[in-house]
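Below: the structure, in C-alpha cells.
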Amino acid sequence: MGQGSSGLRRLTQEIAKFGAVGALGTVVNFGVSNLLWHVTSLQAVRANVIATVVAIGVNYLGFRYFTYRDRDKSARTRELTLFLAFSLVGLVIENGVLYAAIYGFGWDSSLQRNIFKVVGIGLGTLFRFWSYRTWVFKALPAREAVADAEAFLEAEAEASAQLGRRKARQRVG
C-alpha cells in the first residue's frame, strides 16, 4: 500500500498544481480574448488565438517553475520545443471548437463564444496534461535518482571517515 498510495498522492498533487497553473492561464485566456472581442475589430477566432498564445506563455512559466519544478531540467531547448508543439495542438483543439461553433453553426454571441471556449479549453487541457507530463516535463528516471543519492552518501561517508582518521592522528601525535 505504501508505494501505491505515495504514487497516487504524487499524482494528486501534480493534478492540483497543474490545475492551479491552468486556472491562471484560463483567466488570462478569457480576459485577453474577451478584451479583444469587445475593444477591437479582430475576428473572434483570430482574437482567441492571440489570447491562447498569451496564456501558453503564462502556463509555461507556471508549469516549469511551479508544477514541474522538480523535473529534469537538462534539456531546456527540447523541453520548450515540445511544450510549444503540444501547446500548438492544444491551440488548434481549442480554436477548432470555437471555429466550428461560429462558422459551422452560427453560434457567435458573446455567451456562445465563451461557452464554446470552455469546451475547447477543456478538451485542449486533457490533451495538454497527458502530453506535458508524458513528453515535456519528464520525471527523472528512478535509477538515476537512486544512483545520485548513493554517490552522495558514499562521498559523505568517505569525507566523514577522512575526518575521523585526521582526528585520530591528532590524538596520537
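The values are calculated or read from the model by the stated rules, or taken from the named source; none is laboratory data. Please read these numbers as outputs of a predicted model, since none were measured by experiment. Every residue, glycine as well, gets a Cβ built from its backbone with ideal geometry; the counts of neighbours run over all protein chains shown. Heavy atoms of the whole protein, side chains included, go into the accessibility calculation; ligands, DNA and RNA do not. Shrake-Rupley method; radii C 1.70, N 1.55, O 1.52, S 1.80 Å.
A quick yes/no check of all residues on (1) among the hydrophobic types (A, V, I, L, M, F, W, C); (2) buried (at least 17 other Cβ atoms within 10 Å of the Cβ):
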| residue | (1), (2) |
| --- | --- |
| 37 | yes, yes |
| 40 | no, no |
| 56 | yes, yes |
| 70 | no, no |
| 74 | no, no |
| 125 | no, yes |
| 132 | no, yes |
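For residue 24, the requirement of being within 22 Å of residue 120 (Cα to Cα) and not in a helix (DSSP H, G or I) is not met.
Residues in segment 72-94: is at least one touching a Leu at 6+ places or on another chain (Cβ under 8 Å) and outside any helix (DSSP H, G or I)? Checked against the condition, which is being touching a Leu at 6+ places or on another chain (Cβ under 8 Å) and outside any helix (DSSP H, G or I), segment 72-94 yields at least one hit.
Yes/no matrix, rows are residues, columns are (1) under 18 Å from residue 134 (Cβ atoms); (2) small (Gly, Ala, Ser):
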residue	(1), (2)
24	no, no
28	no, no
46	no, no
52	no, no
58	no, no
85	yes, yes
96	no, yes
101	no, yes
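Pairs are defined by a Cβ separation below 9 Å, a sequence spacing of at least 6 or placement on different chains, a first member in segment 59-75 that is within 10 Å of residue 17 (Cβ to Cβ) and among the hydroxyl-bearing types (Ser, Thr, Tyr), and a second member that is open to solvent by less than 80 Å² (accessible area, probe 1.4 Å) and not in a helix (DSSP H, G or I); the pairs so defined are 67/137; 68/137; 68/139.
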